[in-house]
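Have a look at the structure below before the remarks.
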Amino acid sequence: METAIGRFLRYLSTERNASFHTVKSYREDLHSLSEYLATTHGRPPPPSHIQSIDLRGYVGWLHEKNYAKSTIARRLASMRSFFRFGQREGWMETNPAKPLRTPRQGRSLPHFLSTDEIGRLLAAPRRDHPRGLRDRAILETMYAAGLRVSELVGLNDADLDEEEGVLLVRGKGKKERFAPVGSYALRAIDEWRGVRKLATEFQDRPDAPLFTNPSGKRLTTRSVGRMLEKYLRQAGLDTRTTPHTLRHSFATHLLDSGADIRAVQELLGHKSLVTTQIYTHLSTAGLKAVYEKAHPRAI
């Protein structure tokens with residue numbers, strides 16, 4: 001089982017060009033299945049011996065352990081992909097995960113900040129200290145370009161074209177896109193760059209990270225999360241807010257202001273328009289609230 005999982009993960013990484021985080025998720029999901037089968041069978045059976053009834057037992061166990069429906073759905077998708085790979089490789093005749101039904105999920109609307117709340121957050125970092133200048137540039141850039149936090153920390157100096165006002169962004173599956181950034185973010189980045197060279201180990205070269213820690217090294221996604229938590233407390237904002245909330249806010253504010261949904265899809269780097277459409281529900285909810293407040297015969 002472990003050998004088959006290893007081959008599948010290598011296939012994802014090399015042939016499918018999957019990101020580190022995608023491979024990590026598949027590894028965790030399949031190892032969870034392997035551990036469950038080791039418990040029920042004494043040791044993990046060869047993949048060719050695994051049947052649908054084994055997988056049904058695993059899914060039932062996940063329900064008993066109160067795993068979220070979204071987690072169960074993701075693990076089912078991982079199993080289907082794994083056994084489909086086995087069919088391609090010739091060590092599975094059928095896909096035992098195919099008959100299993102994915103649990104229905106109510107799609108929750110993403111949390112986002114209002115434009116006023118965004119303004120308070122962006123004003124929180126100090127402008128008289130290098131770290132404050134860096135943090136303000138990070139927040140401005142994430143909101144201006146609708147970046148995932150992994151995309152932000154992966155930015156290099158050469159990825160910013162100041163003259164055109166665009167960033168070269170490497171998204172999921174190593175797909176690249178150009179993301180426009182506004183004048184506020186460009187000014188904030190320029191101020192940060194002016195003090196960044198003070199870092200002891202910073203090297204001024206094209207592949208140098210755009211945003212660094214005090215030692216001149218590339219930031220981690222967790223360090224960005226901790227930084228955001230600090231400014232949320234200072235600004236008195238909702239503690240549910242995460243770096244991804246800025247991306248949600250970016251999309252919601254664009255659609256609320258009349259942006260075309262397909263343009264927003266491109267800006268976010270979504271493969272499918274369905275993924276972007278969740279933000280139209282937020283926009284529609286806002287319109288309905290305005291209607292009910294303003295129209296004399298709405299209520």
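Miscellaneous remarks
- Considering each residue of the stretch 203-216 in turn, at least one proves to be of a type in the set (Lys, Arg), modelled with pLDDT under 90 and over 22 Å from the mean Cα position of the chain (by Cα).
- Residue that is modelled with the lowest pLDDT, among those in the stretch 17-60 that are surrounded by fewer than 16 Cβ atoms within 10 Å (Cβ to Cβ) and in contact with a Gly (Cβ under 7 Å, 6 or more places away or on another chain): ASN17
- Assessment of the stretch 85-104 against the conditions (buried (at least 18 other Cβ atoms within 10 Å of the Cβ) and assigned to a helix (DSSP H, G or I)) yields at least one matching residue.
- ALA188 vs. criteria among the aliphatic types (A, V, I, L, M) and buried (at least 22 other Cβ atoms within 10 Å of the Cβ): yes
- Filter result for LEU246 (buried (at least 19 other Cβ atoms within 10 Å of the Cβ), closer than 21 Å to LEU133 by Cα, of a type outside the set (Gly, Ala, Ser) and not assigned by TED's automatic domain parsing to the domain that holds MET142): yes
The values are calculated or read from the model by the stated rules, or taken from the named source; none is laboratory data. All values reported here derive from a predicted model rather than from experimental measurement. When we count neighbours, we look across all protein chains shown, and the Cβ atoms used for this are built from the backbone with ideal geometry, even at glycine.
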